[in-house]
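Q: Before I ask anything, here is the structure I am working with.
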Amino acid sequence: MNVVGIKFNSAVKIYDFLPGTTKPEINNWVLVDTTQGKEMGRVVYINKEVQDNTEGEFKEIIKIADEKDIDRYNRMIAEGEVHFPRYQECVKEMALDMKPVKTEVSFDGERVVCYFTAENRVDFRELIRELSRDFKKSIIMRQIGPRDEAKLLDGYGICGQRVCCKRFLTKTESITMDMAREQFENNINANKVTGLCGRLMCCLAFEVDPSKTKRK
């Protein structure tokens, strides 16, 4: 059985769907049903072989997005950006130990997803109530890690290229200091091996010799 990989606007992973009656191509925009309702995403791969869908694990693509769908999608992205300053303001006013990263509005316009990073557990119940009153929508709080934050916000690495996690990576390798030592020997400089996320750069995994470096 073949599935299609779909990437959503701020999703940090790719989700598999059955093509159904559609014939999507890479970079097509499609509409799908998710646990959070109807959403629009971009096709990043097709014809990936998986085991038979015996338990209904994969949902089917509803349709290839048309101009009307794409116009609505862009309006929801713009609305999500408008909500972000208020999200930041509320977090500051409530002195919550968390860093707001991004806000986005669902395709159906009923929910606002608020992304954040935090070192410790955060009680954001009052924040949800305040944002719900302000935005007149359901609020979903979604905690992400430093690598996911870099992927959401995008940017350019020390190589001058757009960060790999945003440009083409579909999954993150396990990056170790052994990989850095193999490529820089004893001349390891934190500025040379650290990415925008503050973690070891994903590209360190691209040029390692598997026979010399043990991946953990």
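Q: To the nearest 0.05, how large is the calculated FRET efficiency for residue 118 and residue 78 if R₀ is 25 Å and r is the Cβ-Cβ distance? Mind showing how you got there, number by number?
A: On the way: r = 27 Å, r/R0 = 1.08.
E between residue 118 and residue 78, to the nearest 0.05, is 0.40.
Q: Let me know the shape class of the chain, please: from the alpha-carbon gyration tensor, a ≥ b ≥ c as square roots of the eigenvalues, rounded when a/c is under 1.5, otherwise prolate if a/b is greater than b/c, or oblate. Don't skip to the end; give the middle numbers.
A: Details: a/c = 2.12, a/b = 1.16, b/c = 1.83.
Oblate.
Q: Order by neighbour count: 43, 82, fewest other Cβ atoms within 10 Å first, most last.
A: Details: 43 22, 82 11.
With the sparsest Cβ surroundings first, the list reads 82, 43.
Q: What is the distance, in nm, between label points placed 7 Å from the Cα along the Cα-to-Cβ direction at residue 177 and at residue 21?
A: 5.8
Q: Shape call for region 1-126 from the C-alpha gyration tensor, a ≥ b ≥ c root eigenvalues: rounded (a/c under 1.5), prolate (a/b greater than b/c) or oblate?
A: In terms of gyration-tensor shape, prolate.
Q: Using a 10 Å cut-off around each Cβ, can you sort 169, 131 from fewest to most neighbouring Cβ atoms?
A: Numbers: 169 14, 131 23.
Arranged by neighbour count, lowest to highest, 169, 131 become 169, 131.
Q: Exceeding 21 Å between C-alpha atoms, which entries from my cross-link table qualify? They are 48/102; 7/102; 7/59. Mind dumping the intermediate values first?
A: On the way: 48/102 31 Å; 7/102 17 Å; 7/59 14 Å.
Beyond 21 Å between Cα atoms: 48/102.
Q: Same structure again: With charges only on Cβ, +1 for K and R and -1 for D and E, what is the dipole size of the chain about its Cα centre, in debye, rounded to 20?
A: Working: 36 positive and 35 negative charges, 80 e Å.
For the chain, the charge dipole is close to 380 debye.
Q: Could you list, bin by bin from short to long, the percent of Cα-Cα pairs of region 2-65 in 10 Å steps?
A: Histogramming region 2-65 at 10 Å steps yields 23, 60, 17 percent.
Q: Let me have the 222 nm mean residue ellipticity of the chain computed from DSSP H runs of 4+ only, each contributing -39500 (n - 2.57), with the sum over all residues rounded to the nearest 500. Each step should come with its number before you reach the end.
A: Numbers: 6 runs with 62 residues, N = 216.
My calculation for the chain gives -8500 deg cm²/dmol from helical runs alone.
Q: Right, next: Using a 10 Å cut-off around each Cβ, can you sort 35, 194 from fewest to most neighbouring Cβ atoms?
A: The order, fewest Cβ neighbours first, is 35, 194.
Q: For region 69-185, just list the percent of Cα-Cα distances falling in each 10 Å bin from zero outward, please.
A: 12, 34, 31, 16, 6, 1
Q: While we're here: In region 2-65, what percentage of the DSSP-assigned beta bridges are antiparallel, given to the nearest 5?
A: Details: 18 of 19 bridges.
If we restrict to bridges inside region 2-65, about 95 percent are antiparallel.
No value in this document is a laboratory result; all are computed from the given coordinates. Only a predicted model underlies this, so the values are computations on that prediction, with no experimental measurement involved. Positions of Cβ are backbone-derived with ideal geometry, glycine not excepted, and every protein chain shown enters the neighbour counts.
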